[in-house]
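Report on the following structure.
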Amino acid sequence: MFGASLSRWSMSYFAAALLSLAAAEILMALGYGYPQAALQAPETLVLVHVVAIGWLSLLMCGALFQFVPVLVAQPLHSNTLPAPTLVLLVAGLASLILGFLQLAGQVDPALPFFAFAGALLGAGFALALWNLGRTLWAAQTLPMPAQFVVVGLASVGATVALGIIFALVLGGVATYGPFVELTATGLPLHVVAGLGGWLTFTAIGVSYRLLAMFMLAPELERRSTKAALYLGTAALALAFVGGVLAVLLRGNLAFVLLAAAGLGLVALALYGADVVHLYRARKRPRIELNSRMAAFALASLAACVVLIVVLLALGRLTDHVGAVVFLVVFGWLSGLGLAQLYKIVAFLTWLECYGPVIGKAQTPRVQDLVVEPRAIKWFGLYFIAVWAGTLALIAGYPPAFQACAAAMLIATGGIAAQLARTRRLSDVAAALRLPQGAKRPGLLFSHSHQT
């Protein structure tokens, strides 16, 4: 991280993302959307996109603006673009939600909210892709984690392109036959590109780097890592390109997705083996809370794989796809995101506040900014609630699921409170809190300087 510039707006992305997560958990606790409504009902689509765009995509963008420059040892192409990007993404999400509420008959259909959403989200993600893409392009070589990120960025481009088509068709703006056909049957492709490519594949790439960095483990360039990259990329390409062709040519979409799933499951197994190797090869004898909680997220991912295989064998995957997606989104992606966010916020706060005075004054350690025994109970509550919620969905008992969502909300609030205390330096000993020359970090933005 030394020699890299702090991303000024990453904390704003993280705050907006956490607010979206809390909003989604409130909706689930109140019984809004699935399982009380169908998977493709407008109410469920509101909930899904609050999570996918508002929580996970904003979290990922905020992290990438900080860590892509670290991955490739290049400065971020533009430090000014993240602010308008955030505005466009939030405005686009709001328009998309209003569009779905129009479909549900809850908002006056006078304004073309789906068209607004397509334009705003398209522009927001285009700015993010331009900024990150130019940063990656400037690198002479791309290390393995960065190559995963490249595939993830290509996947978000595909996800957004399909999403814009869906929005234009649902809004009555586009009536072109292939677009209508894609909207009618192409939802699985949108989900695979978004959850599988943009969010999971990018998370895998970033986690390779972060787990190695935070556990003092060697960087991975093993054959299994390359195989995971190539097989995962092949799975995504087959699912998206093959899937689009299957839809437009009236082919067998289920067969294409099943073949892609086979490749993807092997790639995930190789990633799991790599992560186990990282934990075993680490030089830090006692791993910190973020890495311990990341293990629970990875266990959730393994449980997803087992659940998919079992449900496929029983011929029940279609019946329980909602439970699978819930475990992927909240157990794996959100669990990993919250775990790493706990460390990222502390690490970036330490760099911002104490980096400029290293060697000039006594400074605390990164771990002195947090109190792990206080935070661990919130993470424990979160993962238990997610796993119990998955079982409630499989059992078909919505009241239990709502109770689990309420517990997730309480846990998320507890974790967010710990992050705010970290930014405010509340747990740093008074004698070390603000040595001469150190600046108190802002809650929602960072003082951009070389670290």
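Annotations
- Ratio of the Cα radius of gyration of region 206-322 to 2.2 N^0.38 Å, where N counts its residues: 1.27
- Remark: the Cα gyration tensor places region 94-223 in the prolate category, a/c being 1.5 or greater and a/b exceeding b/c.
- In the distance distribution for region 1-90, Cα-Cα pairs more than 20 Å apart total 44 percent.
- With 10 Å bins beginning at zero, the pair-distance distribution over Cα atoms of the chain amounts to 4, 21, 32, 28, 12, 3, 0 %.
- Debye intensity ratio in log₁₀ form over the Cα atoms of region 292-445, taken at each q of 0.09, 0.13, 0.14, 0.16 Å⁻¹: -0.39, -0.66, -0.73, -0.85
- Relative counts (whole %) of C-alpha pair distances in region 355-397, using bins that are 5 Å wide: 5, 17, 13, 12, 10, 10, 9, 7, 6, 5, 4, 2, 0
- Reduced Cα scattering model of region 370-451, Debye log10 I(q)/I(0), q = 0.15, 0.20, 0.26 Å⁻¹: -0.67, -0.89, -1.15
- The equivalent ellipsoid of region 89-146 has semi-axes of 36, 10, 6 Å, largest first, where each one is the square root of 5 times an eigenvalue of the Cα gyration tensor.
- Normalised by 2.2 N^0.38 Å, with N the number of residues, the alpha-carbon radius of gyration of region 17-60 equals 1.08.
Each reported figure results from applying straightforward, stated rules to the coordinates on display, with no laboratory input. Just so we're clear, the structure is a prediction, and the values are computed from it rather than from any experiment.
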